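The values are calculated or read from the model by the stated rules, or taken from the named source; none is laboratory data. The structure presented is a predicted model; accordingly, all values stated were derived computationally and were not measured. Cβ: placed from backbone, ideal geometry, glycine included. Neighbour counts: every protein chain shown. Remember, those area values only see protein heavy atoms, side chains included, never the ligands or the DNA or RNA. Shrake-Rupley method; radii C 1.70, N 1.55, O 1.52, S 1.80 Å.
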Amino acid sequence: MKTNGSKPVSPATQLPKCLTGIQGLDEITGGGLPRGRPTLVCGGAGCGKTLLATEFLVRGAAQFNEPGVLMAFEETEAELKANVASLGFDLVGLVRRKKIAIDFVHIERSEVQESGEYDLEGLFVRLGHAIDSIGAKRVVLDTLEALFASLPNEAILRAELRRLFRWLKDKGVTAVITAERGREQLTRHGLEEYVSDCVILLDHRVYDQIATRHLRVVKYRGALHGTNEFPFLIGDTGISVLPITSLALNHKVSTERIATGIPRLDAMLGGRGFFRGSSILLTGTSGTCKTIIAANFAQAAARRGERVLFFSFEESPNQIIRNMHSIGLRLEPLVKRGLLRFQSARPSLYGLEMHLATMFKEIATFQPHVVIIDPITSLMDSGTASECKGMVTRLIDYLKAGQVTSLFTSLTQGGHALQQSESAMSSLMDSWILLQNFEGNGERNRVLYVLKARGMKHSNQIREFLISDRGIDVVDAYIGPSGVLTGSARAAQNSLEKAAVLASQQEAAQLKREVERKRTALERKISGLRSDYETEAEELRRIAEQVGTSTLMLTTERAASGLLRQADIKVVAHVRNNSRNGKVS
């Protein structure tokens, strides 16, 4: 036991619960219906009361090995078996294997006469025998109105209701009782909801000519539960409740990056593309090439060997494949190899929740790595703004739970704010790329920029992109005095830049020629000076040799002259020595 201040706090005890096996309902109720207690399921005609109760029995017998008894007051056994067979429930086989017992009790109000005290003793005997015969753990009574329709006394009605519910508790069975909804209260009599431990309200409403079913847990004694309204569907596999199950935001994340199929767009996203398992929003007005970019993304994923599921709400698969031929995309081989699957339907075909259930079913069957919804805004007319955002939230959560990368295209209306997306769902997305048409100089050009990319560095430039038979080409950004230049303005600016570069090249070439001319002239001048220098040096050497020769001859003549005059021998010897050493006296 723990203490909180001065008050002792006991550890929480979990209320025993019984799993229904119905997709989503066990999540809303936190583990199923209260075990060994009665649950009231109420609602108007056509909302799915009998189906929910029957599925509770069938799934209990088939999945959890808990036999059940179905006591019906309106539909016969044959009718019940035929009705649920379309949903894939083998009620006939379960009855044959004694997993389920069906007891049809015919009560005709015109044939009932009130005599003496009214009690349910006969019902208890009949129901008790059915429970004991198969060892039932679950019981369904469908519906209370048929049982108490001929009883006008409210006091007796309340007493018998309490007695019925107490008898079911004493038997230890988990019971589901269906009841019709009253005009101003949950049930016709307004009593059943007070004696039930759990009350589930079903509603079938029509909004803008589109029908949607909703479920709400009104009451659940002894347990926490979801109190909001949750849409649910009746599909070919039974009931599917669609709660928002990721309120904890505990999805696994990946650091792997995947390419977009457009190299220069990848460069704008840090050179590596988007994170795997992230949600991507691609918004723009009509004609901004949202589908083309989505198709490039699909092709890039399929070429990596990944499965791609493409939901289209405006174009048929054949039309998309044909249109992509014009930009060089060949999607047919990817479809034939089973890597790319298209699912096309008009938004008006189903309600919002039925579309969501169809997507869930296709995703669960195909197990894709990438899912594309083009455009998500086509579904927004099928419900209110809050319902649409809830639908997108559930879809994103479902995909993120499976590490599936999702790309949503969104059609924005002309005249809206630049960064305004339909249904205000941009906050749910991890990355947001905005496509836009720029008008000017009598033409319209397409640009894109990355408005946000969580967890990665990305470009802040507005970039023009071109569509050709070779695909999408994101071109360099040109900034002029009035902003980004696109189309012919960009081409003119490009021509001006090329002309400026050419002029600079020509000027450089002319300067190079002038420098070359001066270098040549200088080399000629240097060559002339060198020639003059060598000539003068040669003349100097010649003169020096002449001087030396003359000096030697003069010395020799002097010596000879001294001998003729019979000079001193020492003087002669001195002169000779000086002559040998090159000295002149």
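Details
- Residue-count net charge about L511 - beta-carbon cut-off 13 Å; Lys, Arg +1, Asp, Glu -1: +2
- Proximity of backbone amide H atoms, modeled 1.01 Å from N, is registered between V218 and V199, I200, L201 at under 5 Å, excluding neighbours fewer than 5 places apart on the same chain.
- Close amide-amide hydrogen proximity is noted between Y207 and T212, each under 5 Å apart and 5 or more residues distant or on a separate chain (H modeled in the peptide plane; Pro and chain starts excluded).
- Loop-located GluC sites (Glu not before Pro) in the range 276-380 whose Cβ has at most 16 other Cβ within 10 Å (DSSP): E314, E315
- Global geometry of the range 206-341, whether rounded, prolate or oblate, following the gyration tensor of its Cα atoms and the 1.5 cut on a/c: prolate
- Of all accessible heavy-atom area on the range 162-238, the percent that carbon and sulfur account for (1.4 Å): 43 percent
- The amide H of K17, built 1.01 Å from its N in the peptide plane, has R35 as neighbours under 5 Å, considering only residues 5 or more places off or on other chains.
- Counting charges near G238 (Lys, Arg +1; Asp, Glu -1) among other residues having Cβ under 10 Å from its Cβ returns a value of -1.
- For the range 257-481, the number of Lys pairs separated by eight or more positions or lying on different chains, with C-alpha atoms closer than 19 Å, is 4.
- With every protein chain in place, the range 257-481: carbon and sulfur % of accessible area (1.4 Å): 48 percent
- For a straight C-alpha distance cut-off of 17 angstrom, the aspartates and glutamates reachable from K518 (same-chain residues fewer than eight places away being disregarded) are E507.
- Think of the range 257-481 as having a plus end and a minus end, set by charges on the Cβ of Lys, Arg, Asp and Glu; of L434, L309, G338, G338 sits farthest toward the positive end of this dipole.
- In the range 231-312, the trypsin sites (Lys or Arg not before Pro) that fall in loop regions by DSSP, at most 15 other Cβ within 10 Å: K252, R272, R304
- Modelled label reach - V335, point 7 Å along Cα→Cβ, the range 301-317 residues with backbone N closer than 17 Å: 302-303, 307-317
- Partners for K169 among aspartates and glutamates (Cα-Cα distance below 13 Å; same-chain residues under 8 apart left out): D197
- Neighbours of T520, meaning other residues whose beta-carbon lies under 15 angstrom from its beta-carbon, give a summed charge of +4 when Lys and Arg score +1 and Asp and Glu score -1.
- In the range 257-481, the alpha-carbon atoms span a convex hull of 126 Å³ per residue.
- Applying a DSSP loop filter and a limit of 16 other Cβ atoms within 10 Å to the GluC sites (Glu not before Pro) in the range 40-86 leaves E74.
- Proximal lysines to K512, defined as alpha-carbon separation beneath 26 angstrom and excluding residues fewer than eight positions away on the same chain: K498, K525
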